[in-house]
Amino acid sequence: MIVSSDVAYLLIMALLSYSMALSMRVGLFSIAPAGFVVLGAYVFGLLQVRLHWSTYAAGLAAVLACAVVGALVALPLGRIRGVYTSIATLAFVAVATSLESSFGVTGGSLGLVGIPYGDLRAPAVIGIVVVLVLFAYLDHSYGGRRLDVVRRDPVLARTLGANVPLAKFWSLTVSALVAGLAGLLYAREINFIAPTDFDFAFAIMIAANTVLGGFSHWAGPLVGSVGLGLTAIYLRPYVGWSELAYGLILAGVMVWQPLGIAGWIRRGTGYRARRSHPVSAPEPELVESR
C-alpha cells in the first residue's frame with residue numbers, strides 16, 4: 001500500500017534522476033547529485049534547527065548554496081572526459097558524505113534531529129513540472145540540439161561554434177541546483193537526516209533510476225524513478241528482493257535497450273524522425289570514450 005511518505009519519496013527520487021540526466025545530456029555521467037542532495041539537506045536542516053530560519057529562507061539558501069558549490073565543482077569537471085568524470089564525481093560524493101559525520105554542528109554520526117515537519121509534496125510537484133518543462137524545451141529547441149552535438153561529438157561541436165566547457169558548466173550547475181532542491185525536500189519530509197541516509201547504495205539507486213528511464217526524452221527520468229520506486233515499495237516486505245529486482249531490471253534494460261525507457265518512448269512516438277538533425281552520429285554510451 002502506498003502512503004503519503006511514499007509519494008514524497010517518489011517525487012524526491014524523480015528530481016534526483018532529472019538532476020543526473022541533466023549532466024548526461026552533455027555526455028557526463030556524473031554521480032555528483034548524490035553529494036548535492038546531502039549538501040541541500042544539511043544546509044536546510046542546519047539553518048532551521050541551529051539558526052531558526054524560516055522554511056522558505058532556509059530553502060532558498062540551501063538551493064543557492066548547492067548552485068554555488070555546483071559551479072565550483074563544474075569548473076574542473078567541464079574539462080574532464082570519459083570515465084574520469086565518474087571517478088571525480090564519486091570522490092566528491094565521498095567527501096560530502098564524510099564531512100556530514102565529521103562535525104558536531106551537523107549531529108555527527110547520530111544525525112541532525114528537530115527539523116520542522118512540513119508536507120512539501122506541492123513544492124515537489126512544482127519542481128518536477130519546472131524540470132519537465134526544461135527537458136521538453138531541450139528536446140524540441142535549437143539549444144537542445146546543440147547539447148546533443150556536444151554529447152555525441154565534442155570536436156564537431158567546437159567546429160560548429162559551440163562552447164563545450166560552458167555547456168558542461170551550466171548543465172552541472174543546474175544539476176546541482178535540482179539535487180539541492182531534492183535534498184531540502186527530503187529533510188523537510190523526514191525531519192531527521194543522518195550519514196546513513198546518503199550512503200553509496202543511495203548513489204547507485206539514483207544512477208539506476210536514471211539509466212532505466214534514460215535521458216533522451218523528457219519523460220524518461222520520471223518513468224524510470226517511479227517504476228523502480230514502486231518496485232522497491234511493493235517488495236519492501238521481502239528483504240533482499242528489491243535489490244534483486246533492481247539488478248534484473250537494469251541488466252535487461254542495458255542488454256535490450258541501452259537508452260532506457262526513453263528509447264522505447266522515442267521509437268514508439270516517432271520522436272527520432274521529428275528530431276532529425278544534419279549531424280548524423282550514433283547515440284553515445286553512458287560514458288563517452290573520447
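The values are calculated or read from the model by the stated rules, or taken from the named source; none is laboratory data. Quick caveat: nothing in here was measured; it's all calculated off a predicted structure. All Cβ positions, even for glycine, are placed from backbone atoms using ideal geometry, and neighbour counts span all protein chains on display.
The table below gives the values:
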{"item": "Count of segment 64-84 residues which are within 14 Å of P33 (Cα to Cα), touching a Phe, Trp or Tyr at 6+ places or on another chain (Cβ under 6 Å) and not aliphatic (A, V, I, L, M)", "result": "1"}
{"item": "Residue that is surrounded by 21 or more Cβ atoms within 10 Å (Cβ to Cβ), in contact with a strand residue (DSSP E or B) (Cβ under 7 Å, 6 or more places away or on another chain) and not β-branched (V, I, T), where the choices are A34, A41, A62", "result": "A41"}
{"item": "Segment 108-129, subset exposed (fewer than 14 other Cβ atoms within 10 Å of the Cβ) and within 16 Å of the chain's Cα centre (by Cα), residue modelled with the lowest pLDDT", "result": "V125"}
{"item": "Pairs with Cβ under 7 Å, 6+ apart, first in segment 206-221 and under 20 Å from V255 (Cβ atoms), second of a type outside the set (A, V, I, L, M, F, W, C) and not in a helix (DSSP H, G or I)", "result": "V211/G260; L212/G260; G213/G260; G214/G260; F215/R25; G220/G214; G220/G260"}
{"item": "Some residue of segment 158-173 being more than 21 Å from A65 (Cα to Cα) and among the hydroxyl-bearing types (S, T, Y)", "result": "yes"}
{"item": "Tabulated pairs, segment 98-119, first under 13 Å from F44 (Cα atoms), second among the polar types (S, T, N, Q) and in a loop (DSSP other than H, G, I, E, B), C-beta under 8 angstrom, 6+ apart or interchain", "result": "V113/N191; G114/N191; I115/N191; P116/N191; Y117/N191"}
{"item": "Selection within segment 12-63 - assigned to a loop (DSSP other than H, G, I, E, B) and either in contact (Cβ under 8 Å) with a residue 24 or more places away in the chain or under 18 Å from the mean Cα position of the chain (by Cα) (or both)", "result": "R25, V26, G27, L28, F29, S30, I31, A32, R50"}
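Conditions tested, residue by residue: (1) of a type in the set (K, R); (2) in a helix (DSSP H, G or I); (3) within 17 Å of the chain's Cα centre (by Cα).
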position: R158; (1), (2), (3): yes, yes, no
position: S175; (1), (2), (3): no, yes, yes
position: A182; (1), (2), (3): no, yes, yes
position: Y186; (1), (2), (3): no, yes, yes
position: F202; (1), (2), (3): no, yes, yes
position: A208; (1), (2), (3): no, yes, yes
position: F215; (1), (2), (3): no, no, yes
position: G224; (1), (2), (3): no, yes, yes
